[in-house]
């Protein structure tokens, strides 16, 4: 189960009978991996991608950076949106209650 470094970011490694693969020390160092660490893996178009939790968080933050508004926290924006949504729901419920009461009064007047 040896591995041969052919390029600093490209290696060849064999899979053993248990399905295990050795990650060369140079790559482990570059990724900041230590024994017992967990890595995240995903398969896309026949390519296995492996990254640390921290690397994934950083990548996702970079992907979403384009949506960030300077000086505005996404959490504050989300809370404000949710409060506005709750206010609209409350208004609708009040209108529905008033409509129900009006209909109930008409039914009582007819009876």
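The values are calculated or read from the model by the stated rules, or taken from the named source; none is laboratory data. Keep in mind that what you see is a predicted model, and the values were worked out from it rather than measured. Every residue, glycine as well, gets a Cβ built from its backbone with ideal geometry; the counts of neighbours run over all protein chains shown.
Condition check ((1) exposed (fewer than 13 other Cβ atoms within 10 Å of the Cβ); (2) at pLDDT below 85; (3) in the same structural domain as residue 58 (by TED's automatic domain parsing)) across all residues:
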position	(1), (2), (3)
1	yes, yes, no
6	yes, yes, no
11	no, yes, no
16	yes, no, no
19	yes, no, no
22	no, no, no
25	yes, no, no
31	no, no, no
- request: Determine which single condition residue 72 fails, assuming it passes every other condition in (1) assigned to a loop (DSSP other than H, G, I, E, B); (2) under 30 Å from residue 49 (Cβ atoms).
  value: (2)
- line: The correct count of residues that are touching a strand residue (DSSP E or B) at 6+ places or on another chain (Cβ under 6 Å) and part of a helix (DSSP H, G or I) in region 32-60 is 1
query: In region 66-91, which residues are surrounded by fewer than 10 Cβ atoms within 10 Å (Cβ to Cβ) and in contact with a helix residue (DSSP H, G or I) (Cβ under 9 Å, 6 or more places away or on another chain)?
result: 67, 69
- line: Conditions (1) surrounded by 10 or more Cβ atoms within 10 Å (Cβ to Cβ); (2) assigned to a helix (DSSP H, G or I) -> residue 63 fails only (1)
